[in-house]
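Below you'll find the structure, written out as structure tokens, and then a few comments.
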Amino acid sequence: MRAIDRVLLVLEAFAMTTLCYLVFLYIPLERTQGYVQKIFFIHVPCAWVGFLAFTITAIMGGRYLASRNPDHDRWAAASAEVGFMFTTLVLIPGPMWARPGWGIWGTWGVRLTSTLVLWLIYLAYLILRQTVSERDRRSVLASVTGIIGWLGVPIVYLANRVKASQHPAPVIGGGEKSGLAPIFLITLLVGVATLTIFYIILLRARVRGIQLEDEIEELQIAGGLD
Amino acid sequence: MPHNFWWVFSAYSVVWLAVILYLARLFGRQRNCERQVDALKKERGSH
């Protein structure tokens, strides 16, 4: 493990502790939903990191198509995998908030449906990477899928701004009645920072893993091994 | 215990556990790959 990874892990431990302290011990209860609203501070940062990860995948995919540099493809692949995990983690705590909050696990409103579609797009992306064996072809197809798939990000973001559903209305940039009390906003930002640091750690580890996997493949080919 | 505490606790636990287990898996796989690369390099060097 490199020194920068150790620094990031220490930062992450500090950020996680701060977030848990703020959520469980410091911030007051939200007026209408009470205790269960605290899930917001992990649910929204997971979605943010998913969006960030898929944006990096699209950018790196575009850079790969322009340069054919395999490093760009590795970053795109790693970011898609990490983003997929975070999007899965959006879909799990969401119903755990909805069940006690509204008495249902969820409804197929635009936000939930579009998030599930985005999740399925990146599941297809990961399957594509596993099934196409020829490296250049796989990288090109994955890059194109990553760029087209990214279109789902603004659709998910705008979903509950365009059409109301059971999902809560946007609390940031959602119009006159939206907004967060300063302490809630600070806690949300700490949550976003905590999961963004986690994203960077996971991304770096996954890129290193892919580099090593490629090196093994090249050594095996060079040595005539299968 | 506050009302709905376990829902909140479970939601946070799922996220932390998933991320930490995924990270442990990535570092574990990385170590295995490093060993494999070393072994392959030694093998090539001995020929």
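What follows draws every value from the coordinates through simple rules; no lab data is involved. All values reported here derive from a predicted model rather than from experimental measurement. With ideal geometry, Cβ positions are generated from the backbone for all residues, glycine too; neighbour counts draw on all protein chains shown.
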**OP:** As a check on your grasp of the helix formula, calculate [θ] at 222 nm for chain A: sum -39500 (n - 2.57) over DSSP H runs of n ≥ 4, divide by the residue count, round to the nearest 500.
**Re:** -26000 deg cm²/dmol
Original post:
What's the exposure ranking of A:Phe184, A:Phe41, A:Phe14, going from fewest to most Cβ atoms within 10 Å?
Top reply: A:Phe14, A:Phe184, A:Phe41
Original post:
If you line up the long axis of helix A:40-67 against the longest principal axis of chain A, both from Cα atoms, how many degrees apart are they, to the nearest 10?
Top reply: 30
**OP:** Can you tell me the 0 to 90 degree angle between the C-alpha axis of helix B:5-46 and the longest principal axis of chain B, rounded to 10?
**Re:** 0
Subject >> Difference of contour (0.36 nm per residue) and Cα-Cα distance, A:Glu134 to A:Glu30 >> reply: 32.1 nm
Original post:
Of A:Gly83, A:Gly62, A:Gly101, which is the most mobile in a GNM of chain A whose springs link Cα atoms less than 10 angstrom apart?
Top reply: A:Gly101
Original post:
Suppose every K and R has +1 on its Cβ and every D and E has -1 on its Cβ; what is the size of the dipole of the protein assembly as shown about the Cα centre, in Debye to the nearest 20?
Top reply: 380
Original post:
So if we plug the beta-carbon distance of A:Ile172 and B:Phe9 into 1/(1 + (r/R0)^6) with R0 = 35 Å, what FRET efficiency do we get, rounded to 0.05?
Top reply: 0.85
Original post:
What is the spin-label model distance, in nm, from B:Leu21 to B:Gln36 if the labels are put 7 Å beyond Cα along the C-beta direction?
Top reply: 2.3
Subject >> With at most 15 other Cβ atoms within 10 Å, longest stretch of chain A clear of loop trypsin sites (Lys or Arg not before Pro) (DSSP) >> reply: A:69-162
Subject >> Stretchable slack from A:Leu126 to A:Leu151, in nm (0.36 nm times residue separation minus alpha-carbon distance) >> reply: 7.3 nm
Subject >> Residue-wise HN-Hα coupling along segment A:97-106, computed from phi with Karplus coefficients 6.51, -1.76, 1.60 (Hz; x: Gly, Pro) >> reply: 8, 5, 4, x, x, 10, x, 9, 6, x
Original post:
Using a simple spin-label model with points 7 Å from Cα along the Cα→Cβ vector, what separation in nm is obtained for A:Leu180 and B:Arg44?
Top reply: 5.0
Original post:
Which one of A:Thr88, A:Ile4, A:Ala159 has its Cα pushed farthest toward the positive end of the charge dipole of chain A, where Lys and Arg give +1 and Asp and Glu give -1 at the Cβ?
Top reply: A:Ala159
Original post:
Could you give the angle, 0 to 90 degrees to the nearest 10, between helix A:110-131's Cα long axis and the longest principal axis of the Cα atoms of chain A?
Top reply: 20
